[in-house]
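Report on one structure; see the data block that follows.
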There are 2 protein chains.
Amino acid sequence: MAEWEKIAADKRVRLEKTIPPEWKLKGIPDSDSFLVVPAQTGILSDAELAITESSATDLVAKLASGELKAVDVTLAFCKRAAIAHQLVNCSLEFFPELALAQARDLDVYWEQNKKPVGPLHGLPISLKDQFRVKGLETSMGYISWLNKYETDESVMVTLLRKAGAVFYVKTSVPQTLMCCETINNIIGRTLNPRNKNWSCGGSSGGEGAMVGGSIRVPSAFNFLYGIRPSHGRMPYARMANSMEGQETVHSVTGPIAHSAADIRLFLTSILSEEPWKYDSKVIPLEWRAHEEAIIKNKLQSGGLTIGFYNCDGVVLPHPPILRGVETVVSTLKKNGHEVVEWPPYKHDYAVDLISAIYTSDGGADVRRDISASGEPVISNITDLLDPSIQAVDMVQLWDVQLQKWRYQSEYLEKWREMEVKLGKELDAIIAPVTATAAVRHNQFRYYGYASAINLLDFTSVVVPVTFADKGVDVKNEGHAPFSEVDRLVQAEYDPEAYHGAPVAVQVIGRRLSEERTLAIAEEIGRLLGNVVTP
Amino acid sequence: MAEWEKIAADKRVRLEKTIPPEWKLKGIPDSDSFLVVPAQTGILSDAELAITESSATDLVAKLASGELKAVDVTLAFCKRAAIAHQLVNCSLEFFPELALAQARDLDVYWEQNKKPVGPLHGLPISLKDQFRVKGLETSMGYISWLNKYETDESVMVTLLRKAGAVFYVKTSVPQTLMCCETINNIIGRTLNPRNKNWSCGGSSGGEGAMVGGSIRVPSAFNFLYGIRPSHGRMPYARMANSMEGQETVHSVTGPIAHSAADIRLFLTSILSEEPWKYDSKVIPLEWRAHEEAIIKNKLQSGGLTIGFYNCDGVVLPHPPILRGVETVVSTLKKNGHEVVEWPPYKHDYAVDLISAIYTSDGGADVRRDISASGEPVISNITDLLDPSIQAVDMVQLWDVQLQKWRYQSEYLEKWREMEVKLGKELDAIIAPVTATAAVRHNQFRYYGYASAINLLDFTSVVVPVTFADKGVDVKNEGHAPFSEVDRLVQAEYDPEAYHGAPVAVQVIGRRLSEERTLAIAEEIGRLLGNVVTP
């Protein structure tokens, strides 16, 4: 056994031991879907099940009023996380004892003060294994990062803790974080709880599998809401990351949740802690209720004006995704909103540009952390480590950065031109998140629907829409592929294999438009009538 | 004559021709100071003199009401600019005919609509020769950039134009922009109108000489107010710049003016145009009157809490500057405000870090634009082009960027710690802008008082305080120099030569605190009772 295998095996043994015997499953069901399993194990009481199936908004209200105790809520979530991990392999750290100790402290605080410590008092929140927590490991999916225990914590962790959140689990991530399926050499692959043949998405795949979705892809693949805030809205300081210090396209943090309301709860709670006093990259911008009110006013009178595209001109989405976009468009129209076609502006250029940025060090950062342990490279990131990719120099980097800025500003110009043409504001753009519904393992090939929006640094909220349906979503035979990637993506579609897979759209707003874009996403979810259960 | 010299000579001839004969001076007075000259030439009528000595706030009010015509105001400013240029050599482009045509259009608009086109209707605004204006040259102080005429314009220019501003002159800049004295091989050196032996500062030196100050150093050297907004507050898109695409430490735009009120007028006017819809780097953050109100409330009750430092531990300021800081401190205390010592946190580290960033391409960008014409390098930037400086690679750049972010966040931590210690908010920090009062030519040696704040991306407002006084500001003999730079700076002090030179401080607030920091600067100016005349 190679040294890296020993380290990984040791980690798995340690992880296994964190699950108490009474939370162990007798066996793994033979079914493709595990969604109903947690309720059947008898490990959670009915009351505990109900807690884990409550919205975060409801839970914090009951915790704040004293109707629920933090310890009881935490215990319920720990049990459910233990079950989830055994089914779909979604955790890299599980620490129920620490969680329960934190919960007990919160209960003591409540008893003494008869009020919550903060807006998230007693709410269990799972953290992607990229957040640093004192005393725990942060693997980032690398063997070489194991056995190092954090002495400091991410600003987001500090602020969540101040707000009263309880931490109990760190969810799995792909080796490097740089792909949209969750697989590493530490614990292997994380499965989609709706169908073990599907990916849970990535890089926050463990999150997706746990709460049912890193931010947009896991949200989409697990029928969940998720927000990609623009850079600077949420703290990122002292997070672990691949290519740390790369600032050309910033990585961002944002919650995945069962509803737009729960996402709002998260964002408002963090903003109320004034994160800009902790992380220099955070913009001093409170939650702007007046921006939400603008959308609400439009809903009362005149309606929204929404653009949409169902194809970026690089890869044609699978039929379920095309139907997903069409469903949202027709629902909006039926409800009196104006919907206009949005011509995606040079998305092929954007996708090439962001790929060049992600490989601007020629893969040196990722290669260093992989080779430090001798572990093999997961197949999903071989493109990133293509030996023909050269690192760029400073002059080239500055040119790329200038191209990015110009492209962003040109995109804004297109947006303004559309508004002039319409004679009113364009409130948001509806688009696919991925080319496929929740994808089969090892079949995630095209990042462009998400990555072009990263390059623009626009705010994006994922709204779950529907599920692939083999009876409706017949294979598109007439399409001449745009490219080899497109051909591969089209070839992957199989109505039978994708039957039931979650379909989502993203609602895209300009940079730092979290309030408006979330309000629009919430309204779209309401109009769709999608009932989101864990 | 070398080719570059011919190009420069041709430019000077063309520039000379832009001044009509009736605005030509009969000769240049023999005095060191030119401050009183414009009133003595007879070129401006009393009414025109009064216009050029009005505040921008007054002018826009009169222009908006119709009491003044844009053409009359523009003509007055053009005359004064022509005189100023002949005295201190501050312009790289002068275009009175275009300005008057623009003014006439505005007057027509006013006649037809009986209202101003925007908040800056008819106000002449001078632009540093880094702003792109259609049809004009943008030299950036490089010979190689001459004879190229812009086909597009900077977003700031577009928005100022929409707001009603009139453009009439582009002011001189140092070759490369990268230094704090204004000298180039096109028109030579720009002088300080208060004393031709002193520098007008840089990089917006022509600005400083013109309105009496780029942003902080020219403001300080010319007894003017100036604001360095944090990155993302004001548009920068399509500006010319050295090292374009360098995004590790962003260059910013901001106004220089005679009062805090005029600075507010500029900022509110631009923000009212929603610059974030034009430039992707601008944050959608309107002018926050409620933030100003917080400062005003503190002034009514309890007073402000202000930190200060008079030395960053790297270079000791000259006696006039130390006295300037002390004057502000004692004035604040006398008026009931709490003033506490602020220990400058690792400014030596910050200064080294930002220097490494500014030379991260090993000088390639600057060297290219200088060598394109064969012109010689001005002596002020030889450090920047030191051949021993190597370009960094991507891994090193990311490390520097990570160091920067950590340093910024540590600085915020110090600020929070101070607030915990004080039990209240620390509203701002007072500090020197430069180590010297308006510096003698070729003696600008230390950028750290300004550049450390750039690295932090804090908001900073320059407030003029006093003037060097040979009777009071005796040479400090007891100081053991911190370093060779410090020794050189100390040796440069000569009470006689600096007698009368403007002394300023900067008022520093956290990132994106323009509203509060400007309000505090305005109050400090009011308490000092400094009367600022052009």
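Here are the numbers for the structure shown:
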| read-out | value |
| --- | --- |
| Hits in segment A:330-341 - residues which are crowded, with 16+ Cβ neighbours inside 10 Å and either under 22 Å from A:HIS499 (Cα atoms) or out of contact with any Phe, Trp or Tyr (no Cβ under 9 Å at 6 or more places or on another chain) (or both) | A:THR331, A:HIS337, A:GLU338 |
| Segments classed as helices (runs of 4 or more DSSP H), wholly inside segment A:423-529, with at least 3 members that are open to solvent by 10 Å² or more (accessible area, probe 1.4 Å) and not aliphatic (A, V, I, L, M) | A:484-492, A:514-528 |
| Qualifying residue in segment B:233-252 (condition: modelled with pLDDT under 95, surrounded by 23 or more Cβ atoms within 10 Å (Cβ to Cβ) and closer than 23 Å to B:ILE430 by Cα) | no |
| Filter result for A:LEU15 (touching a helix residue (DSSP H, G or I) at 6+ places or on another chain (Cβ under 7 Å) and either under 30 Å from A:GLY374 (Cβ atoms) or assigned by TED's automatic domain parsing to the domain that holds A:LEU146 (or both)) | no |
| Segment A:116-135, residues that are over 21 Å from A:ILE215 (Cα atoms) and open to solvent by 20 Å² or more (accessible area, probe 1.4 Å) | A:PRO116, A:VAL117, A:PRO119, A:LYS134, A:GLY135 |
| Count of residues meeting criterion [within 14 Å of chain A (Cβ to nearest Cβ) and more than 24 Å from B:SER219 (Cβ to Cβ)] in segment B:280-306 | 6 |
| Inter-residue pairs, beta-carbon under 6 Å, first over 21 Å from B:PRO119 (Cα atoms) and in segment B:46-60, second open to solvent by less than 20 Å² (accessible area, probe 1.4 Å), 6+ apart | B:GLU48/B:ALA76 |
| Residue within segment A:259-279 that is within 14 Å of chain B (Cβ to nearest Cβ), open to solvent by 10 Å² or more (accessible area, probe 1.4 Å) and small (Gly, Ala, Ser) present | no |
| A:LEU402 being open to solvent by less than 30 Å² (accessible area, probe 1.4 Å), facing chain B (nearest Cβ under 10 Å) and farther than 30 Å from A:ALA8 by Cα | yes |
| B:ALA350, sole failed condition from (1) in contact with a helix residue (DSSP H, G or I) (Cβ under 8 Å, 6 or more places away or on another chain); (2) more than 14 Å from chain A (Cβ to nearest Cβ); (3) buried (at least 19 other Cβ atoms within 10 Å of the Cβ) | (2) |
| Selection from segment A:136-156 of residues that are more than 14 Å from every other protein chain (Cβ to nearest Cβ) and either at pLDDT below 95 or open to solvent by less than 30 Å² (accessible area, probe 1.4 Å) (or both) | A:LEU136, A:GLU137, A:THR138, A:SER139, A:MET140, A:GLY141, A:TYR142, A:ILE143, A:SER144, A:LEU146 |
| Pick from segment A:353-387, criterion away from chain B (no Cβ under 14 Å), modelled with pLDDT under 90 and assigned to a helix (DSSP H, G or I), ranking: surrounded by the fewest Cβ atoms within 10 Å (Cβ to Cβ) | A:SER379 |
| Selection from segment B:219-251 of residues that are over 11 Å from B:PRO464 (Cα atoms) and either more than 14 Å from chain A (Cβ to nearest Cβ) or hydroxyl-bearing (Ser, Thr, Tyr) (or both) | B:ILE227, B:ARG228, B:SER230, B:MET234, B:TYR236, B:SER242, B:THR248, B:SER251 |
| Wholly enclosed strands (runs of 3 or more DSSP E) of segment A:192-311 bearing at least 2 residues within 21 Å of the chain's Cα centre (by Cα) and at negative phi | A:195-199, A:225-228 |
| Residue match in segment A:215-223 (condition: open to solvent by less than 10 Å² (accessible area, probe 1.4 Å), over 16 Å from A:ALA501 (Cβ atoms) and either at pLDDT below 95 or in contact with an Asp or Glu (Cβ under 9 Å, 6 or more places away or on another chain) (or both)) | no |
| Every pair of residues 6+ apart whose Cβ atoms lie under 6 Å, when the first sits in segment B:446-474 and is within 14 Å of chain A (Cβ to nearest Cβ) and closer than 27 Å to B:ARG510 by Cβ while the second is polar (S, T, N, Q) and buried (at least 21 other Cβ atoms within 10 Å of the Cβ) | B:ILE453/B:SER460; B:ASP457/B:SER230; B:THR459/B:SER230; B:THR459/B:SER513; B:THR459/B:THR517 |
| Matching residues in segment B:411-435 - criterion: being more than 25 Å from the chain's Cα centre (by Cα), within 9 Å of chain A (Cβ to nearest Cβ) and not basic (Lys, Arg) | B:LEU412, B:GLU413, B:TRP415, B:GLU419 |
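Yes or no, residue by residue, for (1) in contact with a Lys or Arg (Cβ under 8 Å, 6 or more places away or on another chain); (2) in a helix (DSSP H, G or I); (3) surrounded by fewer than 18 Cβ atoms within 10 Å (Cβ to Cβ):
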residue: B:ASP10; (1), (2), (3): no, yes, yes
residue: B:LEU59; (1), (2), (3): no, yes, no
residue: B:LYS62; (1), (2), (3): no, yes, yes
residue: B:LEU68; (1), (2), (3): yes, no, no
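The values are calculated or read from the model by the stated rules, or taken from the named source; none is laboratory data. Since this is a predicted model, take the numbers as computed values, not measurements. Please note: Cβ atoms are built from the backbone with ideal geometry, for glycine as well, and neighbour counts cover all protein chains shown. Keep in mind that these areas ignore ligands, DNA and RNA; they rest on the heavy atoms of the full protein, side chains included. Shrake-Rupley method; radii C 1.70, N 1.55, O 1.52, S 1.80 Å.
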